[in-house]
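Trainee: The structure that follows is given in the form of C-alpha cells.
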There are 2 protein chains.
Amino acid sequence: MNLDYIKPNNWSIIEEGFDSEHVKASESLFSIGNGAMGQRANFEEKYSGPTFQGSYIAGVYYPDKTRVGWWKNGYPEYFAKVLNAPNWIGINVYINDESLDLFKCKRVENFRRELNMKEGWLARSFTATLQNNIEVDVSIRRFLSLDIDELGAIDYNVVPLNAPATITYRPYIDTGITNEDSNWDDKFWDTLSVSFKEHRAFIQAKTMKTDFYTCTFMESQLFLNQKPLDITPEVDKSSTYFAFSYRAKVAQGEEFKIQKFGGYTVDRNHDKYDLVTAAHTVLDTAKDQGFDLLLEGQKLAWSQIWDMADITIEGDVRAQQGIRFNIFHLNQTYLGKDARLNIGPKGFTGEKYGGSTYWDTEAYCIPFYMATKDQNVARSLLEYRYYHLQKAIENAEKLGFKNGAALYPMVTMNGEECHNEWEITFEEIHRNGAIAFAIYNYYRYTGDYSYIPEKGLEVLIGIARFWHQRATFSTAKNKYVILGVTGPNEYENNVNNNWYTNYIAKWCINYAVENIEKIQSEYPTDYTRIMHKAKLSKAEVKDWVEVADNMYFPYSEDHKVFLQQDGFLDKELITVADLDKSQRPINQKWSWDRILRSPYIKQADTLQGFYFFEDNFTTEDLERHFDFYEPFTVHESSLSPCVHSIQASKLNRMEQAYEFYLRTSRLDLDDYNHEVHEGLHITSMAGTWMSIVEGFGGMRVKNDTLTFEPKIPEQWEGYSFKVNFRHQIIKVNVCQGHTHFELEGKQDLKIIVNGKPITISPNNLVKV
Amino acid sequence: MNLDYIKPNNWSIIEEGFDSEHVKASESLFSIGNGAMGQRANFEEKYSGPTFQGSYIAGVYYPDKTRVGWWKNGYPEYFAKVLNAPNWIGINVYINDESLDLFKCKRVENFRRELNMKEGWLARSFTATLQNNIEVDVSIRRFLSLDIDELGAIDYNVVPLNAPATITYRPYIDTGITNEDSNWDDKFWDTLSVSFKEHRAFIQAKTMKTDFYTCTFMESQLFLNQKPLDITPEVDKSSTYFAFSYRAKVAQGEEFKIQKFGGYTVDRNHDKYDLVTAAHTVLDTAKDQGFDLLLEGQKLAWSQIWDMADITIEGDVRAQQGIRFNIFHLNQTYLGKDARLNIGPKGFTGEKYGGSTYWDTEAYCIPFYMATKDQNVARSLLEYRYYHLQKAIENAEKLGFKNGAALYPMVTMNGEECHNEWEITFEEIHRNGAIAFAIYNYYRYTGDYSYIPEKGLEVLIGIARFWHQRATFSTAKNKYVILGVTGPNEYENNVNNNWYTNYIAKWCINYAVENIEKIQSEYPTDYTRIMHKAKLSKAEVKDWVEVADNMYFPYSEDHKVFLQQDGFLDKELITVADLDKSQRPINQKWSWDRILRSPYIKQADTLQGFYFFEDNFTTEDLERHFDFYEPFTVHESSLSPCVHSIQASKLNRMEQAYEFYLRTSRLDLDDYNHEVHEGLHITSMAGTWMSIVEGFGGMRVKNDTLTFEPKIPEQWEGYSFKVNFRHQIIKVNVCQGHTHFELEGKQDLKIIVNGKPITISPNNLVKV
C-alpha cells in the first residue's frame, strides 16, 4: 500500500480524507503511548470495517504455549508475549439510536486525523451522514498522560448539523478481549470483578498463568455547549464488560461532549488488593484537574522531552518529519522509569515479535537513551539484564553449558527464552556479545564505572564463560572456532565462524578479563565478593584467554577482507544491482534455501562489527569492507540501513548516507517493507537517531572526550541535535559550511572537532 | 520400556501375561495388514486403558493444514497424511451386562497373544474374572485376507467358566474417528449413509477435501458349541455408527462364538456409487467360504510368500525371529499390486511421518522387492515416481527452478511436497538422486531396459536438470559447488558440498547423458518423442556435463578420505566410544545446535555413497572411510545399521556386522529407539534383508551376472535365502565352511562366487 496519504509536516502526522483501506496502517502510525501503556489508534466508537484492535500495558505478558511443526530438544515450552489489554477507550455513539460507524455511514467528509508529536495528543474530526440522514460534526482528542501514567483522557464531541437528534454516548470498559496471534486460541484474561460507583466503573482482571492483576477503570463527564450536564446513566454490565449510557436530546448546531478518563492500575505499582482504591485516586486527580489542565500538563511534559531530544532539519520536511516520528515513538514506548521494563520491537503498536526484548535494546536503543535522557535510564536498561543473569545461566544449562556460563535469550519478557526457531534460538548467539558491549558503551559514554563492580562484572563473567565453552578447537586450523551459528545477517543459518560472532566473542573475553583486573586492583571488596559468588579462579580466566588469543577469523587474502563466515567466497557473487528487481524483496519472493545460498545480506553483519569496534580498524579497512559487503546487502531488516548510513557518512559518501537515512527514518511512514499495519519498527527508530548524530554528526566518545566530524547532506540547509554528555548538554547545529556548538552545562568542556581540540564554555556559541 | 516380554520364537511373535503397560507397544508389534489395509493390534472388545487405536486404508489420505511456528516461503500449505480409517473390528462383549474390558477386570490370567507370521494371523486368549465375578475363557483369531484384500475376518469365542451367563456380542462399525496427530483437530471423514440389511451393515463415508469414497461393512454369524445359532439382533444406529446386539444365555462351560467379517470397499477399485454392492459381493464370498476355509486360503497365500521371501537362520532364534518379523511386515505393507500405492515409513502400524512416501522406498525397499517378487513390483514402484514427474517439476518451480527441472518431494502422498522443515524440505535434496539410482538399480538387477525409454528417461532428464541448476560455480574453488544442503546424515543442516549429495548429483547427470545417448542410437522413436516432450537440446546437455565434469568434492589429504562436507575437520572429533553414555541418544539429550556442531552422524552418509557406488572405489578406500566415519556414527536413524552391517561384512569384520544386523533386525522387537508404541519402522526392514543378502551373502549384480561372497557370523550354524533373478530362482544356503547354491529356474545360470565363475543347473545342488 502506498502511504502518500500522510501529509508532510514538521511536527505532526496528518491524514486527510477517509479511506477504510488506510485504517489498519493509520492505527499503527497514529499509535499513542506513555511508557506505561499504549494503544493503536483505534476509533473510540464502533467500527465494523477491517481493524486491528490493540491496547497494551507495559510488562504485562502471557506465556503462550509454543506451537511448532517439528519440535527440537531445548525449545521453550512457552512464548511470553505482550497481551492485548482490556479496552478502556471505547465510547459507542448512537444518533437517534443508529450506531455511529464510519464503515457504514452514507458519507464521511472532512475526515482528518492528526498525531501532534510536539504536544503528545491524537485528534480526529469528520462530518458524517448516517443512514438515517442525520449529519453530524464529530471531533475527538485523546492522550495518554505522561505525568500520571496510569491515566488516559478522551474529549469527544458531536454536533448534529441538519436536525436535532437524540445522542447516546455509551462509554465502556471490556476485559473480554483476545490476542490476534494466540497459538491455541487460549483465553488470556481471567476477569475477577466488575463494579461501579456513581459515574465510575472498574473491572479487575488478572492474566492467566502469570497472574498480573490489573484494574481497568473509567469515569465520564458530559457537557452541552461546554456546560456540565448531569445525566443519570443506564448501566449495562456483564461478567467482562461494563457500560454507562448517557442519553441527551441535542438541538441542531449544539455540541454534546463527553470527556472520558480511563486507564489501568496494575500490581507492578500497587498491592493487588488496592487496585480499585488506586484507580479512585487517579480519577480523583483527573477530575480535580479536568481535561484541559491535564492537556496543558501533557504539552509541558512533551516540551521537556523535545527540549532535550529534538533533532531539527532545515530544508527537508520529509526528513524532519521522519526523525521526529522516530524520536516521538521511542519516547512513547520507553521512558526509563522502571528497570523491570524494556523496549519491544513494536512497542505498543502491535503484537508481532511478542512485544519482548531483543538485542535491539543493547545494540540500538541504549545510545539514544544515553544521549537524550539522564544516564540512569540507560543504567536501568543494563540492570534489566543483570536481574535476568540467573535465568540466562539456566538457559545456557539447558543447551549443555555449565559452571555459570550465561546465554541471554534471543527474545524474552522475564529472562526466559521464548523463541522457537533452532537456527535463531540456539544459534544466533552473538546477542550475548551485544549485552556485554552495552556495558562497555555505557561506561565509555557516561564515565560511570560504578556499574561494573556493582553489577556489570557478573554479567561479563557469565558471558565470557559462555564464549569460552562455546568455542571449540579445530585441529585442522590450529585455532579456536565457533561452529554452527547465525550471525546478525539472518539470511545465513548454521554457518561456521561468522566473523562478527567470533570477533565479539574474543572481545567479550578480553573485556571481562580487563575488568576483572581493574576491579581487583581498584575495588578489592567488590572483587572478593564477585569472585566468591562466581566461583571464578585465575586458572579458569587463563583458559578463557587461551581461547580469545587463538580465535580464528576467516579472511580473504585476495580481497583483503574478513569473510562474513567460512565459505562466503564459494557463493555466486552477483550484486544486488545485478539482481532482477522482480525478485525483490527476496524474503517475499524466494524460498528459504535460495536465500541462504545467495550472497545477499539481510542486515549489516561484518559492517556491524566495524561499527561497534571501529577503533580497531582503519578507514581504509572500513572502505574495503563497505565496498565488498554493501553491494550484497538487501536491507530487508529494519536494523540495517542505519548502520550503513553511519558507515557511508564516515566514508564521506553523503548521497548514499542520505538515502539510507531516509530509508531508516521513513521506514514506517513510507511503509518500505509493506507491513506497517502490523505495527511500527520501534527499536530501529533509535538507529535513525544514530544515523544523524553518529553518522552525519560524526559524534563519538574517545578517551572521555566528545568528538565530532560534522557532515551534511546537500539536500539540507542545516540540522541540529542535543546530547547529554556527563550531565552537561551540548547543542550541535550543523549548516552547510560550518557548525555551531553550544553548551548548556556549567563548566567548560573540551571537545574535538575534526581532530582538533576545542573548548566550549557555558552559553557561549562556538562556530567551527 | 524393556520389551523382553516378547518370547523368542522362530515363526511367531508371542506375548504372555497381561500388562497394560505393554498394550501400546504390542499394538504396534502385532499389527496386521494385507497391502490394501492394515491395523494396529487393537482389541476387538472395549479397552479403557492406554491404547492407540489405528486402522488404515492404503492410499486414503487427507491434506492436513500445515501448522508451523515460523512460516517460510515455499512451505506447502498442506501435509497429506494417512488417515485413521473407520473401525470395522469392534465387537463389544457384555457378560451379564458388564462390559468385558481387560483394564477393569478383577483378574486376567493366561493372557497370550500370538502373531503367527508363517500363516498370517493374530490370536489372543485369556481367562478373565469380571467385577461381577463371572470367569470367562476368551479366545480370538483375526486376519486380513491376502486373497480378498477388502476382507478381514474375526473368530471370537467366550466360554463362561464358573456360572452360566448372558453374553452379548455387539459387533459394530464406526466412522466417527479422528487422527491422533491432527494439526487443527479437524474432522477428516464425512459420513454419507448408514444402512443395514439382515445381518449386514454398511457405512459409506468420504474423506473431506480428498473425496476418497469408502464403504465400511460387516456381517456376523453366531455359534453355540460350534453350531450355528439364529439370533435376531437389536440394532443401534447413529449418524456415524452402526451396531448389532446378539444376546444369548450360555451355560457354564459352553462356547459362544461370533465370527465377524468386515472391511472396506474403496473407490480406487470400484465406482463410488457401487461400493455397497461391492461390499455385498465380498461378504457373499466370505460367507460361502466361511471362516475356516478363508483361513486355509490365508495360510496358503502366506506359504507362497514365504516360499520365495523366507530367510532361515540356524542356531540363533533371536536373529531368525528378527528377519522373519521384518520380511513379514514388509509383505503386510506392500505387495506391489498397485502402482498408485507406496510404502510409508510406518506402514499400517501408526501415523507418524504421515504414512507417506520417502526416499526410503528407492534406497532401501526396491532391492528387497526386486529379489523376492516378480520384477513388475519394483517396476510399479518406479512408475509411482514417473506418474509424479509433473508434480516434481512444479515443486522445483516453487523453489525457483525452471525449464523442467524436477525435485521430488521429501515426503509425499500424491506427488506434492508435504513436509515443512526448511532444512529438510528445501535442502535434503539428495533424495532426487535416490530416485535416479533406483532406475539404474532396477535395470542392473532385472536387465529390463525397456523401462528407461518408456518412462525412466523423462525422470532422469528432470533430475539432471535440477542438479545442473542447483550447482553454482565457485570462483574461489574454480569448481561447481552445491551449497546449503542436508545430506542423509540429518544431524548436519545447511552444509556446503555434502560429498554424498555432490557425488550423486554428478552421477545423475552422467547417467542421464549415458541413457540419452543409448536411447538415441537404440530407441530412435522414443528418443524423438522424449526430446520433443522435454524440449531438450544438445547444448543444454553439454551444459550439464560441464557441471558434472567440474563438480567439487571435499577431500582430506591428511586422512585420505572424502569429507562428509566442507569444514568437517573443524569439528571436535571425539568418537562415540569416548562420549559419555549418559549423553545418548543425543537426539533426546542434546539441543539441536549441539548435535549440529558435533561430529556425530545419525545415519550412513559418506558410507551410503560407498554402498551405492561401490564399484567406483577400492576395498582399501572403503576401509579408510569406514574407519574414519564409523566411530562417529550414532545410528539414531533406523536406516543406518543396515548399511554399516553390509560394509562391515564386506570388510570381513563379522563381529561388527553381526551386531549391526541384530540392531537393524530387532530394532522394533527390542525397541532400541524407545518409540515402538508409535508404530514400526517398516522401510528400514528392507535394509535388514539387505544386510543378510548383500552383507553376509555378499550378493551383487555385475555385468548381468549374480555374484556372491558368502560370509557367516560365528554365532550362526547356517542361513539361507532365495532370490528371483531374471525369472529364475536361486536358493543360497550358507553354512560355516561352505555354501550351497540351488537353481529353481529352467536353464543353466552362470554366477560368480568369491570371484570364480560357476554354472548352476536347475535343481542341482552346487557346493562351494
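Trainee: Do we find that A:D558 is charged (D, E, K, R) and more than 14 Å from chain B (Cβ to nearest Cβ) in this structure?
Mentor: Judged against the criteria, A:D558 is not a match.
Trainee: Tell me which residues, restricted to segment B:421-444, are outside any helix (DSSP H, G or I) and open to solvent by less than 10 Å² (accessible area, probe 1.4 Å). Before the answer, list the steps.
Mentor: Going through segment B:421-444, the residues outside any helix (DSSP H, G or I) turn out to be B:421, B:426-430.
Hits for segment B:421-444 are B:F426, B:E427, B:E428, B:I429, B:H430.
Trainee: Check off (1) within 14 Å of another protein chain (Cβ to nearest Cβ); (2) in contact (Cβ under 8 Å) with a residue 60 or more places away in the chain for A:G447 and give me the number that stays unchecked.
Mentor: All conditions are met except number (1).
Trainee: Out of segment B:175-227, which residues are of a type in the set (F, W, Y) and modelled with pLDDT of 95 or more? Step through it out loud before you land on a result.
Mentor: Step one: list which residues in segment B:175-227 are of a type in the set (F, W, Y), which gives B:184, B:188-189, B:196, B:202, B:212-213, B:217, B:223.
Result: B:F196, B:F202, B:Y213, B:F217, B:F223.
Trainee: Let me spell it out: the conditions are (1) in contact with a Lys or Arg (Cβ under 7 Å, 6 or more places away or on another chain); (2) farther than 29 Å from A:A464 by Cα, and A:D558 meets all of them except one. Which number is the exception?
Mentor: (1) is the only condition that A:D558 fails.
Trainee: Suppose we keep only residues that are under 29 Å from A:S645 (Cα atoms) and assigned to a loop (DSSP other than H, G, I, E, B) within segment A:361-389. Which one would you say is most open to solvent (accessible area, probe 1.4 Å)?
Mentor: A:D374
Trainee: Is it the case that B:V643 is surrounded by 22 or more Cβ atoms within 10 Å (Cβ to Cβ), of a type outside the set (S, T, Y) and in contact (Cβ under 8 Å) with a residue 60 or more places away in the chain? Spell out how you get there, then give the answer.
Mentor: Working: surrounded by 22 or more Cβ atoms within 10 Å (Cβ to Cβ): yes; of a type outside the set (S, T, Y): yes; in contact (Cβ under 8 Å) with a residue 60 or more places away in the chain: no.
No.
Trainee: Sticking with this structure for a sec: Can you list the strands (runs of 3 or more DSSP E) lying wholly within segment B:49-144 that have 1 or more residues being modelled with pLDDT of 95 or more, buried (at least 19 other Cβ atoms within 10 Å of the Cβ) and hydrophobic (A, V, I, L, M, F, W, C)?
Mentor: B:91-95, B:107-116, B:121-129, B:135-144
Trainee: Further question on the same structure: Among the candidates A:G447, A:G344, A:G415, single out the residue that is at positive phi and open to solvent by less than 10 Å² (accessible area, probe 1.4 Å).
Mentor: A:G415
Trainee: Can I ask one more? Looking at B:F473 and the list (1) hydrophobic (A, V, I, L, M, F, W, C); (2) open to solvent by 10 Å² or more (accessible area, probe 1.4 Å); (3) away from chain A (no Cβ under 11 Å); (4) touching a Phe, Trp or Tyr at 6+ places or on another chain (Cβ under 6 Å), which single condition is not satisfied?
Mentor: With respect to (1) hydrophobic (A, V, I, L, M, F, W, C); (2) open to solvent by 10 Å² or more (accessible area, probe 1.4 Å); (3) away from chain A (no Cβ under 11 Å); (4) touching a Phe, Trp or Tyr at 6+ places or on another chain (Cβ under 6 Å), B:F473 is out only on (3).
Trainee: Could you run through segment B:723-744 and say how many residues are farther than 14 Å from B:V701 by Cα, open to solvent by less than 10 Å² (accessible area, probe 1.4 Å), aliphatic (A, V, I, L, M) and touching a residue at least 24 places away in the same chain (Cβ under 8 Å)?
Mentor: 2
Trainee: Filter segment A:717-746 down to the residues that are under 27 Å from the mean Cα position of the chain (by Cα) and not in a strand (DSSP E or B) and list them by number.
Mentor: A:R726, A:H727
Trainee: Given the condition outside any loop (DSSP other than H, G, I, E, B), modelled with pLDDT of 95 or more, within 26 Å of A:S99 (Cβ to Cβ) and of a type in the set (A, V, I, L, M), answer yes or no: does some residue in segment A:260-283 qualify?
Mentor: no
Trainee: If you don't mind, another one. Would you please list the contacts, defined by Cβ atoms under 7 Å and residues six or more apart or on different chains, that run from a residue in segment A:83-105 that is within 15 Å of A:A243 (Cα to Cα) to a residue that is β-branched (V, I, T) and not in a strand (DSSP E or B)?
Mentor: A:P86/A:T175; A:P86/A:I177; A:N87/A:I177
Trainee: Exactly one condition in (1) of a type outside the set (S, T, Y); (2) in contact with a helix residue (DSSP H, G or I) (Cβ under 9 Å, 6 or more places away or on another chain); (3) open to solvent by 40 Å² or more (accessible area, probe 1.4 Å) is false for A:F466; which is it?
Mentor: Every listed condition holds for A:F466 apart from (3).
Trainee: Answer yes or no: is there a residue in segment B:320-341 that is within 14 Å of chain A (Cβ to nearest Cβ) and buried (at least 23 other Cβ atoms within 10 Å of the Cβ).
Mentor: Taking every residue of segment B:320-341 in turn, none turns out to be within 14 Å of chain A (Cβ to nearest Cβ) and buried (at least 23 other Cβ atoms within 10 Å of the Cβ).
Trainee: Of the numbered conditions (1) closer than 25 Å to B:Q565 by Cα; (2) in contact with a Gly (Cβ under 7 Å, 6 or more places away or on another chain), A:I439 fails exactly one; give the number of that condition.
Mentor: The one condition A:I439 does not meet is (1).
Trainee: Could you run through segment A:561-587 and say how many residues are more than 8 Å from chain B (Cβ to nearest Cβ) and either over 31 Å from the mean Cα position of the chain (by Cα) or hydrophobic (A, V, I, L, M, F, W, C) (or both)?
Mentor: Here is the first cut: in segment A:561-587, the residues more than 8 Å from chain B (Cβ to nearest Cβ) are A:561-565, A:568, A:574-586.
Imposing the further condition that a residue be either over 31 Å from the mean Cα position of the chain (by Cα) or hydrophobic (A, V, I, L, M, F, W, C) (or both) reduces the set to A:561-563, A:568, A:574-580, A:582, A:586.
Residues flagged as more than 8 Å from chain B (Cβ to nearest Cβ) and either over 31 Å from the mean Cα position of the chain (by Cα) or hydrophobic (A, V, I, L, M, F, W, C) (or both) within segment A:561-587 amount to 13.
Trainee: Is it the case that A:P160 is modelled with pLDDT of 95 or more and surrounded by fewer than 19 Cβ atoms within 10 Å (Cβ to Cβ)? Steps first, please.
Mentor: On the way: modelled with pLDDT of 95 or more: yes; surrounded by fewer than 19 Cβ atoms within 10 Å (Cβ to Cβ): no.
So A:P160 does not fit the description; no.
Trainee: While we're on this one: Residues in segment A:483-517 that are free of Cβ contacts under 8 Å to residues at least 40 places away in the same chain and not polar (S, T, N, Q): how many?
Mentor: 3
Per-residue answers, yes or no, for (1) within 19 Å of A:L341 (Cα to Cα); (2) within 14 Å of chain B (Cβ to nearest Cβ):
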| residue | (1), (2) |
| --- | --- |
| A:Q390 | yes, no |
| A:E394 | no, yes |
| A:Y408 | yes, no |
| A:T425 | no, yes |
| A:P453 | no, no |
| A:G462 | no, no |
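Trainee: Residues of segment B:1-36 being among the basic types (K, R) and over 28 Å from B:E314 (Cβ atoms), which ones?
Mentor: Answer for segment B:1-36, where residues must be among the basic types (K, R) and over 28 Å from B:E314 (Cβ atoms): just B:K24.
Trainee: Looking at B:S12, B:S20, B:S28, which one is within 19 Å of the chain's Cα centre (by Cα), away from chain A (no Cβ under 14 Å) and either closer than 30 Å to B:T129 by Cα or crowded, with 19+ Cβ neighbours inside 10 Å (or both)?
Mentor: None of the others qualify; the one that does is B:S28.
Trainee: From B:S220, B:S195, grab the single residue that is surrounded by fewer than 19 Cβ atoms within 10 Å (Cβ to Cβ), among the hydroxyl-bearing types (S, T, Y), part of a strand (DSSP E or B) and in contact (Cβ under 8 Å) with a residue 12 or more places away in the chain.
Mentor: Details: B:S220 fails: surrounded by fewer than 19 Cβ atoms within 10 Å (Cβ to Cβ).
One residue alone meets the criteria, B:S195.
Trainee: Does segment B:606-623 contain at least one residue that is on the phi < 0 side of the Ramachandran plot, within 14 Å of chain A (Cβ to nearest Cβ) and open to solvent by 30 Å² or more (accessible area, probe 1.4 Å)? Spell out the reasoning first.
Mentor: Initial filter on segment B:606-623 (on the phi < 0 side of the Ramachandran plot): B:606-623.
So of that shortlist, the ones also within 14 Å of chain A (Cβ to nearest Cβ) come out as none.
No; the residues of segment B:606-623 include none that is on the phi < 0 side of the Ramachandran plot, within 14 Å of chain A (Cβ to nearest Cβ) and open to solvent by 30 Å² or more (accessible area, probe 1.4 Å).
Trainee: Find the residue count for segment B:390-407, including only residues that are open to solvent by 20 Å² or more (accessible area, probe 1.4 Å) and aliphatic (A, V, I, L, M).
Mentor: 1
Trainee: Sort out which residues of segment A:652-682 are open to solvent by less than 20 Å² (accessible area, probe 1.4 Å) and more than 16 Å from A:G322 (Cβ to Cβ), and write them in order of number.
Mentor: Selection gives A:G679 alone.
The values are calculated or read from the model by the stated rules, or taken from the named source; none is laboratory data. These numbers come from a predicted model, not from an experiment. Methodologically, a virtual Cβ is constructed for each residue, glycine included, from the backbone with ideal geometry; neighbour enumeration extends over all protein chains shown. These accessible areas exclude ligands, DNA and RNA; they are computed on the full protein's heavy atoms, side chains included. Shrake-Rupley method; radii C 1.70, N 1.55, O 1.52, S 1.80 Å.
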